[in-house]
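What follows is a short report on a single structure.
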Amino acid sequence: MKKTVSDKSRQRLERLAWYLDSSIKVPGFNARFGVDALIGLIPGIGDTLGALVSGVVISEAARLGAPKSLLVKMAFNVGLDAVVGAVPVLGDLFDFAWKANQRNVQLLNAYLDKPRETLVASRLFAWGLGAVLLGFVLLVGALGFLLVRALLAVVAGA
């Protein structure tokens with residue numbers, strides 16, 4: 001049986017995700033981490049480099065026709081990995097647990113196997129993420145307004 005390009009792409013992405021997230025076994029424990037966690041140990045640029053390498057999975061998903069809402073969900077996984085990974089010590093521990101690349105390959109495989117169900121779930125996620133971000137922007141704006149108002153009251157009273 002001849003393998004399709006999609007099957008070859010899936011295998012290549014699964015192998016890449018495994019190398020990045022789970023290729024190294026911790027001796028004496030039932031735990032694994034990957035090259036992404038090691039790259040993340042490089043101060044200043046490690047998590048950025050890891051995110052760039054993780055972008056390969058997202059770009060391949062786009063090439064295979066994944067919808068924008070799924071790509072947003074995948075980018076969120078990588079972004080969360082990069083942002084939390086940048087926090088000293090806590091971020092390094094997070095890198096061992098949060099396997100963004102393997103999550104993204106699972107999302108892509110789910111989409112390729114059952115596009116309709118995955119599309120609905122990823123759209124709900126994208127809308128929810130948008131609502132959370134909008135709420136955050138409104139909260140920061142309200143806090144900024146209150147801070148300026150308080151500063152003006154202090155200046156006017158002085």
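Do we find that F76 is in contact (Cβ under 8 Å) with a residue 60 or more places away in the chain and either in a helix (DSSP H, G or I) or not small (G, A, S) (or both) in this structure?
Values: in contact (Cβ under 8 Å) with a residue 60 or more places away in the chain: no; either in a helix (DSSP H, G or I) or not small (G, A, S) (or both): yes.
When the stated conditions are applied, F76 does not pass them.
Regarding region 3-12, can at least one residue be identified that is crowded, with 20+ Cβ neighbours inside 10 Å and within 30 Å of W127 (Cβ to Cβ)? Before you say what the answer is, go through the steps one by one.
Restricting attention to region 3-12, the residues satisfying the condition of being crowded, with 20+ Cβ neighbours inside 10 Å are none.
No - not one qualifying residue is present in region 3-12.
Just for region 102-122: of the residues that are charged (D, E, K, R) and more than 16 Å from the chain's Cα centre (by Cα), which one is surrounded by the fewest Cβ atoms within 10 Å (Cβ to Cβ)? Please lay out each step first, then the result.
Initially, region 102-122 is screened for residues charged (D, E, K, R), giving 103, 113-114, 116-117.
Among the residues that remain, those that are also more than 16 Å from the chain's Cα centre (by Cα) are: 113-114, 116-117.
Numbers: D113: 10, K114: 11, R116: 8, E117: 11.
By that ranking, first place goes to R116.
For region 34-60, which positions are assigned to a helix (DSSP H, G or I) and hydrophobic (A, V, I, L, M, F, W, C)? Step through it out loud before you land on a result.
Just the residues of region 34-60 that are assigned to a helix (DSSP H, G or I), to begin with: 35-39, 46-60.
Within region 34-60, V35, A37, L38, I39, L49, A51, L52, V53, V56, V57, I58 qualify.
If you check K99 against the conditions, is it surrounded by fewer than 15 Cβ atoms within 10 Å (Cβ to Cβ) and among the basic types (K, R)?
Working: surrounded by fewer than 15 Cβ atoms within 10 Å (Cβ to Cβ): no; among the basic types (K, R): yes.
Criteria not met by K99.
Pairs only if they're at least six apart or on different chains, beta carbon under 7 angstrom, first in region 102-127 and small (G, A, S), second part of a helix (DSSP H, G or I); list them, first residue then second.
Once the first residue is small (G, A, S) and sits in region 102-127, its partners that are part of a helix (DSSP H, G or I) give A110/T118; S122/S69; S122/L70; S122/K73; A126/S69; A126/V72; A126/K73.
Anything in region 50-61 that is surrounded by 15 or more Cβ atoms within 10 Å (Cβ to Cβ) and out of contact with any Asp or Glu (no Cβ under 8 Å at 6 or more places or on another chain)? List them, or say none. Give the derivation first.
Initial filter on region 50-61 (surrounded by 15 or more Cβ atoms within 10 Å (Cβ to Cβ)): 50-51, 53-54, 56-58, 60-61.
Hits for region 50-61 are V56, V57, I58, E60, A61.
Rule-based calculations on the coordinates, nothing more; no lab input. Note that the structure is predicted; figures quoted are calculated from it, not measured. We place every Cβ from the backbone using ideal geometry, glycine too, and count neighbours over all the protein chains shown.
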